[in-house]
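Peer 1: Before I ask anything, let me first share the structure, which is written out below as structure tokens.
The values are calculated or read from the model by the stated rules, or taken from the named source; none is laboratory data. Note that the structure is predicted; figures quoted are calculated from it, not measured. Positions of Cβ are backbone-derived with ideal geometry, glycine not excepted, and every protein chain shown enters the neighbour counts.
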């Protein structure tokens, strides 16, 4: 028996060594293209802005101080809270949250519809959902801007049928940004929910109907708790990229719809940019995302405990 246990342990260690060697390229790619850039961004956030662009290797907290505090034009006034960047951050949060809610409201019925179709037609519907991703995001966003501009096809159609008397001012509004985020990330909501609904046992719904539960009760008490992992995954996949989006705010919005992604993007353009401040803003954004994911992971762990 002892010999068998020793042999099994040696075999297990051998498998671990093989798996470790197979995973080595993966860890190398993650280290080079994920961990190293994040570490580099963290270091840059503590450096000093060079007058002609770039950075000076003089470590300071000035970039973080600039984000949260203002000391007047010449820096000699008492410190006050810098509401400008905090306001941009808050606008990004509620824009991302609203986009997530909109995608959920549209994405859940869509995923349910696809999952309840005949197996042969599901592939066609999934193909229609994913086909926009065959085109670059920039091209899709520019196409949406062309569609909703003042003299675009949408306004021309509404004017033609007499529904409106003058073009709707859609460009450079929060609505345009929401349309861009919704159009960009809706499949990220549909596909995880579809995967959960596809595994749902509809016998539960039939049993609830036999017990005289109406459709809303069945949805609330049975369907939603079962497909909840897919809903949460979809919400995360939509909220996180929407929070840092900059194409939709830049192309479809204006100064009043400026978001944190656009702020970070502007700091790395030309000699007037501020690399340390852009890096600090990026680290603050990443910290917020990590905090949200951490709370979700703890909540999920508590639910899994008996």
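Peer 1: Please find, among 54, 75, 31, the residue that is at pLDDT below 90 and loosely packed, with under 10 Cβ neighbours inside 10 Å.
Peer 2: 75
Peer 1: Within region 272-282, does at least one residue satisfy the condition of being more than 25 Å from residue 139 (Cβ to Cβ), part of a helix (DSSP H, G or I), in contact with a strand residue (DSSP E or B) (Cβ under 6 Å, 6 or more places away or on another chain) and modelled with pLDDT of 85 or more?
Peer 2: Yes, some residue in region 272-282 is more than 25 Å from residue 139 (Cβ to Cβ), part of a helix (DSSP H, G or I), in contact with a strand residue (DSSP E or B) (Cβ under 6 Å, 6 or more places away or on another chain) and modelled with pLDDT of 85 or more.
Peer 1: If a residue has to be farther than 11 Å from residue 277 by Cβ and in contact with a strand residue (DSSP E or B) (Cβ under 6 Å, 6 or more places away or on another chain) to count, how many in region 42-64 make the cut?
Peer 2: Of region 42-64, the ones farther than 11 Å from residue 277 by Cβ are 42-43, 46, 50-54, 56-61.
Restricting the remaining residues to those that are in contact with a strand residue (DSSP E or B) (Cβ under 6 Å, 6 or more places away or on another chain) gives 50, 56, 58, 60.
Here the count works out to 4.
Peer 1: Just one of (1) in contact with a helix residue (DSSP H, G or I) (Cβ under 9 Å, 6 or more places away or on another chain); (2) part of a helix (DSSP H, G or I); (3) closer than 15 Å to residue 282 by Cβ trips up residue 34, so point out which.
Peer 2: (1)
Peer 1: Which residues, counting only those in region 112-121, are part of a helix (DSSP H, G or I) and either free of Cβ contacts under 8 Å to residues at least 12 places away in the same chain or more than 25 Å from residue 224 (Cβ to Cβ) (or both)?
Peer 2: Within region 112-121, 119, 120, 121 qualify.
Peer 1: Another question, if that's okay. Which numbered condition in (1) within 26 Å of residue 115 (Cβ to Cβ); (2) at pLDDT below 90 is the only one that residue 242 fails?
Peer 2: (2)
Peer 1: Take the residues in region 209-268 that are outside any helix (DSSP H, G or I) and in contact (Cβ under 8 Å) with a residue 40 or more places away in the chain, then tell me which one is surrounded by the fewest Cβ atoms within 10 Å (Cβ to Cβ). First the steps, then the outcome.
Peer 2: Filtering region 209-268 for residues outside any helix (DSSP H, G or I) gives 211-214, 244-246, 253-254, 258-259, 267-268.
Of the ones still in play, those that are also in contact (Cβ under 8 Å) with a residue 40 or more places away in the chain are 244-245, 253-254, 258-259.
Numbers: 244: 19, 245: 25, 253: 24, 254: 14, 258: 20, 259: 26.
Across region 209-268, the extreme among qualifying residues is 254.
Peer 1: Looking at this structure, is residue 295 part of a helix (DSSP H, G or I), over 30 Å from residue 169 (Cβ atoms) and at pLDDT below 90? Please lay out each step first, then the result.
Peer 2: Details: part of a helix (DSSP H, G or I): yes; over 30 Å from residue 169 (Cβ atoms): yes; at pLDDT below 90: yes.
Yes; evaluated as a whole, the condition is true for this residue.
Peer 1: Right, next: Does any residue in region 49-62 that is in contact (Cβ under 8 Å) with a residue 24 or more places away in the chain and on the phi > 0 side of the Ramachandran plot come within less than 8 Å, Cβ to Cβ, of a residue that is outside any loop (DSSP other than H, G, I, E, B) and surrounded by 12 or more Cβ atoms within 10 Å (Cβ to Cβ) six or more places away or on a different chain, and which pairs are these?
Peer 2: 53/275; 54/275
Peer 1: Only residues that are without any contact (Cβ under 8 Å) to a residue 24 or more places away in the chain and either surrounded by 12 or more Cβ atoms within 10 Å (Cβ to Cβ) or touching a strand residue (DSSP E or B) at 6+ places or on another chain (Cβ under 8 Å) (or both): list them for region 133-145, please.
Peer 2: 143
Peer 1: Within region 173-190, can one find any residue that is surrounded by fewer than 20 Cβ atoms within 10 Å (Cβ to Cβ) and over 26 Å from residue 109 (Cβ atoms)?
Peer 2: Yes - at least one qualifying residue is present in region 173-190.
Peer 1: Right, next: Return yes when residue 130 is touching a residue at least 24 places away in the same chain (Cβ under 8 Å), over 30 Å from residue 228 (Cβ atoms) and within 22 Å of the chain's Cα centre (by Cα) and no when it is not.
Peer 2: Here the answer is no, as residue 130 does not meet what is asked.
Peer 1: Within region 229-238, identify whether any single residue is within 30 Å of residue 149 (Cβ to Cβ) and at pLDDT 85 or above, and answer yes or no.
Peer 2: Yes, region 229-238 has at least one match.
Peer 1: To continue, here is another question. Please go through region 195-208 and pick out each residue that is assigned to a helix (DSSP H, G or I) and in contact with a helix residue (DSSP H, G or I) (Cβ under 7 Å, 6 or more places away or on another chain).
Peer 2: Within region 195-208, 195, 196, 197, 198, 204, 205, 208 qualify.
Peer 1: Against the condition surrounded by 11 or more Cβ atoms within 10 Å (Cβ to Cβ), in contact with a strand residue (DSSP E or B) (Cβ under 9 Å, 6 or more places away or on another chain), modelled with pLDDT of 85 or more and part of a helix (DSSP H, G or I), how does residue 100 come out, does it pass?
Peer 2: In short, no.
Peer 1: Residues of region 150-171 being farther than 16 Å from residue 183 by Cα, assigned to a loop (DSSP other than H, G, I, E, B) and in contact (Cβ under 8 Å) with a residue 12 or more places away in the chain, which ones?
Peer 2: Within region 150-171, the first condition is being farther than 16 Å from residue 183 by Cα, and the residues that meet it are 150-153, 155-169.
From what is left, the residues that are assigned to a loop (DSSP other than H, G, I, E, B) are 150-152, 161-169.
Within region 150-171, 150, 151, 167, 168, 169 meet the criteria.
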